[in-house]
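Working notes, structure below.
The values are calculated or read from the model by the stated rules, or taken from the named source; none is laboratory data. Owing to the predicted nature of the structure, the values given are computational and were not obtained by experimental measurement. Cβ: placed from backbone, ideal geometry, glycine included. Neighbour counts: every protein chain shown.
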Amino acid sequence: MKTDYNKLFLECAKNSAGKLKLLLHACCAPCATHCLKKTDGDFITDLYFYNPNITLESEFIKRLNELKKYVLLNHKGVSVIETSHLSSDFYSVVAGLENEPERGKRCYICYKLRLEKTAQTARELNYDYFATTLTLSPHKNAEWINEIGFELEKKYGVKYLPSDFKKENGYLNSIKLSKENGLYRQNYCGCEYSKK
């Protein structure tokens with residue numbers, strides 16, 4: 001039987017009562033739209049933009065700027081913690097997996113890379129929870145993402161907030177919110193392999 005990560009998310013949110021701090025990894029503004037709506041009021045949320053899989057620096061900057069623009073206009077209490085463009089981090093962990101299919105082992109390792117850096121940062125900055133917007137996409141494996149998150153919870157001692165943000169029309173809501181806010185919506189994950 002599959003785990004209902006959406007149900008687990010709702011239980012954690014209810015228990016937080018707006019008092020616990022969440023570091024939410026954000027891959028882009030469109031995905032952050034719905035995810036911030038879901039965490040709003042239940043957590044004190046900040047976004048973490050660490051996406052070395054976005055191999056083109058111009059694309060990285062474009063997505064980061066869209067995220068900052070969206071947050072500034074819609075979520076004034078939310079901070080965006082940004083990193084430099086570090087595509088070398090991505091290339092070093094996926095070396096030898098260039099020909100893997102989408103949603104294969106390369107993607108698993110990419111999820112883990114981004115979640116691990118989020119967990120490390122959450123511990124360093126004293127957040128109660130860490131999570132990711134990646135589960136919003138129907139193209140991402142939420143089961144894998146949540147499994148990785150729980151492994152990292154044990155390793156770093158920061159609670160992982162399970163999610164399946166695409167549930168309850170989350171993905172469709174993100175499209176609607178993106179259009180309403182005039183956000184750039186990319187048509188690939190970010191790495192040169194997904195672009196193909």
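Observations on the structure shown:
- Every residue from the stretch 160-182 that is surrounded by fewer than 21 Cβ atoms within 10 Å (Cβ to Cβ), within 30 Å of Asp128 (Cβ to Cβ) and in contact (Cβ under 8 Å) with a residue 40 or more places away in the chain: Lys167, Glu168, Tyr171, Asn173, Leu177, Asn181
- Condition check for Asn99: at pLDDT below 95 and out of contact with any Asp or Glu (no Cβ under 6 Å at 6 or more places or on another chain): yes
- Those strands (runs of 3 or more DSSP E) lying entirely in the stretch 1-109 with at least 2 residues touching a Pro at 6+ places or on another chain (Cβ under 8 Å), small (Gly, Ala, Ser) and at negative phi: none
Listed here are the residues, each with its yes/no results for (1) surrounded by fewer than 18 Cβ atoms within 10 Å (Cβ to Cβ); (2) within 17 Å of Asn181 (Cα to Cα); (3) in contact with a helix residue (DSSP H, G or I) (Cβ under 6 Å, 6 or more places away or on another chain); (4) not polar (S, T, N, Q).
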{"site": "Thr33", "(1), (2), (3), (4)": "no, yes, yes, no"}
{"site": "Leu36", "(1), (2), (3), (4)": "no, yes, no, yes"}
{"site": "Asn53", "(1), (2), (3), (4)": "no, no, yes, no"}
{"site": "Val71", "(1), (2), (3), (4)": "no, yes, no, yes"}
{"site": "Asn74", "(1), (2), (3), (4)": "yes, yes, no, no"}
{"site": "Leu86", "(1), (2), (3), (4)": "yes, no, no, yes"}
{"site": "Tyr91", "(1), (2), (3), (4)": "yes, no, no, yes"}
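- For Gly41, the conditions (1) touching a Gly at 6+ places or on another chain (Cβ under 7 Å); (2) within 15 Å of Ala131 (Cβ to Cβ); (3) not aromatic (Phe, Trp, Tyr) are fulfilled apart from (2).
- Within the stretch 7-39, considering residues that are modelled with pLDDT under 90 and among the small types (Gly, Ala, Ser), the one nearest to the chain's Cα centre (by Cα): Ala13
- Count of residues meeting criterion [out of contact with any Gly (no Cβ under 8 Å at 6 or more places or on another chain) and within 19 Å of Leu23 (Cβ to Cβ)] in the stretch 127-139: 6
- Some residue of the stretch 125-135 being out of contact with any helix residue (DSSP H, G or I) (no Cβ under 9 Å at 6 or more places or on another chain), without any contact (Cβ under 8 Å) to a residue 60 or more places away in the chain, of a type outside the set (Asp, Glu) and surrounded by fewer than 18 Cβ atoms within 10 Å (Cβ to Cβ): no
- Candidate set: the stretch 51-66, residues that are among the hydrophobic types (A, V, I, L, M, F, W, C) and more than 15 Å from the chain's Cα centre (by Cα); chosen: the one farthest from Cys191 (Cα to Cα): Ile61
- In summary, helices (runs of 4 or more DSSP H) completely within the stretch 140-196 and bearing 3 or more residues that are at pLDDT 95 or above, within 19 Å of Asn51 (Cβ to Cβ) and of a type outside the set (Ser, Thr, Tyr) occur at 142-156.
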